[in-house]
Amino acid sequence: IKKSRDNLRSRSSADRFSMRSSAIGEDSLLSFAGQYASFLNVRSRELVDRYKDVIAGKFTPKAIYYLLSHSLEETDLAMAVGCVTMIDSVAAGVAYTRDPIKPDEDYLLVNSIYGLGRYLVDGSLTPDVFHVSRETGKILSQEIACKPVRLVPREEGGTVDEPVPAAEQNLPSLDENKLQQLTEIALKLEEHYGCPQDIEWAVDKSGKLFILQTRPLRVLKTRHSSSDVDPSLSKVFICRGTIACPGAGAGKVFRISSPHDLPNVPEDAVLVAKNPFPGIVTVMERISALITEVGGVVSHMATLAREYRIPTLVGVSCSGVLQTGVEVTVDATGGAIYRGIHKEYVESKQHEKDSYENLGIFRMLQKVLAKVSPLHLLNPASDDFKAENCESIHDIVRFSHQKAVEEMFNAAEGLKSSDKLGVRLRSDIPLDMKVIFIDETFEKLRDGSEIDESDIPSEPMQSFWNGVIEEGWPAAPLKAYKVLETSTHTRRQSGSRSFTESSFAILSNEYMIVGLHMGYHFTTVEAMCTDDVNRNFIRIQYKEGGAALDRRI
């Protein structure tokens, strides 16, 4: 790490870095927006410690909640840390190549603030908002917010708030030339990735534009419905606010002021907060709508709201009239809040189902899977089961596996001392089982080539095989027998199904390891049974074949 740091420092002539989380799966189909840790303006001496902090950020309560709520496993999400040169930006923000609320409109949505961009994505500041024509790069409309502070790097490392001079607070944080340049780059990124993009950018003190990150943008559409709320019957509390996630929700208002209030949020509440913060993700599955006084549509919280499909309004300046316990209906599509609960109206504004077909990563995946997953070599007994007929990676694996298994058993059967392969277990169970004894000689056995199942001189094996006998073996062919025949290479014998390849048991009086070979599926059962209970164990391992996961289980 230190060697790479020194190399980067020599190329950039800077001793300031940004340490950013980069977990597997982050910023793809799921954003993990704001769930992991990042550190700005890190000095060389702190870099390794901040690396550890980013890794540890994978295990915060909010991050664990996020992955569990999406049915993900922690072991599937390996964490890396990106270390890049720190940019001392005079302006920073986020560009959406499509409006996530109105994706059919022909403009880009650009949000911008002074200084570093953290106060934009964490919702601390309401940003300047620009609608820029995709065709001409001209500003179609703009909303300039008051920006009283900006986040800037400290000389000793880290960041600090800096007041914005009064004369600049209500000026645009980005000029038209930079907006045109950003639009050109953003549209190229969208074309390259094949879907709308969520792009983080920054402009340094020299006026140079940097692209910090791009990821797929989730866009949502609500159902078209004629259902409406009659304003004469329902008092409108507020008719102003920026739509962060469309839709409608209804319930009792619950106000929060800090993460300490989150455990008390009731089911189906309309959550009202002054500032958005990433910890809100831990209650998103419980609430029906979300309202914040500060923030924009590009904050981490707004991104999470769209992932969880929570109707959300931000920048609602009059939310103070919404007191805890009041029943309301939030129209996040129309930007209104009504007194009372209107279930039919809420249902009419439900989101349409996600469609991922247009995401570039899914189109690429379809092309890759066409070369990977189809299985054409189904029957190893067929004349077409040849190497030259492999058309996919699955075919190659299937063919190689079959031939390897055949070679292994052919070589074993060709050994001059074939008795070293053990003796056959005589049983009504139609499984060709060879038994190898660790602590018994063949002379003690009744027959040098076979052993009866009642004479197995191994306590764990005797118990295991008695269980097999008790469970029994399917005697009648299944309805889909022909399919089974091709997938497990079985043959009929005396009205039952017998597997053609041998299985093996290696035994002693106290120990057994049984390798069951059925078709191209392998099960290993290992056990120790002694007078010392601390040594005893049973271990079962299943090596699956090519069937679907539910069938393998």
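The values are calculated or read from the model by the stated rules, or taken from the named source; none is laboratory data. Since we're looking at a predicted model, the values are computed, not measured. Methodologically, a virtual Cβ is constructed for each residue, glycine included, from the backbone with ideal geometry; neighbour enumeration extends over all protein chains shown. These area figures cover heavy atoms from the full protein model, side chains too; ligands, DNA and RNA do not enter into them. Shrake-Rupley method; radii C 1.70, N 1.55, O 1.52, S 1.80 Å.
Computed with a 1.4 Å probe on the full set of protein chains, the accessible area for Asp53 sits at about 60 Å². The residues of region 29-180 have, on average, 45 Å² of accessible surface per residue, using a 1.4 Å probe with all protein chains present.
Give, in nm to one decimal, the length gained when the segment between Asp261 and Thr85 is fully stretched (0.36 nm per residue of separation minus the Cα-Cα distance). List each step's numbers first, then the result.
Details: separation 176, 0.36 × 176 = 63.36 nm, distance 3.76 nm.
Full-extension gain reported as 59.6 nm.
Modelled spin labels at Glu526 and Arg286, positioned 7 Å past Cα toward Cβ, are 4.6 nm from each other.
Pull out the extension gain between Ala404 and Asp455, defined as 0.36 nm times the separation in residues minus the alpha carbon to alpha carbon distance; nm, one decimal. List each step's numbers first, then the result.
On the way: separation 51, 0.36 × 51 = 18.36 nm, distance 3.35 nm.
Extra length available between Ala404 and Asp455 comes to 15.0 nm.
Working from label points 7 Å from Cα in the Cα-to-Cβ sense, the Ala381 to Gln181 distance is 7.2 nm.
What's the local net charge at Gly123, with K and R +1, D and E -1, over the other residues with C-beta under 13 Å away?
Working: positive: Arg118, Lys274; negative: Asp122, Glu293.
So the surrounding residues net to 0.
Using a 1.4 Å probe on the protein chains only, how many percent of the accessible area of region 48-175 belongs to carbon and sulfur? Carbon and sulfur together cover 53 percent of it. A Cβ-based charge dipole, computed about the Cα centre of region 242-338 with Lys and Arg at +1 and Asp and Glu at -1, lands at about 120 debye.
Per-peptide packing, taken as the mean over residues of other Cβ atoms within 10 Å, places 396-407, 367-378, 328-339 in the sequence 328-339, 396-407, 367-378 from highest down. Too long at a 31 Å Cα-Cα cut-off: which of Lys102/Lys371; Lys274/Lys349; Lys208/Lys349? The answer is Lys102/Lys371; Lys208/Lys349.
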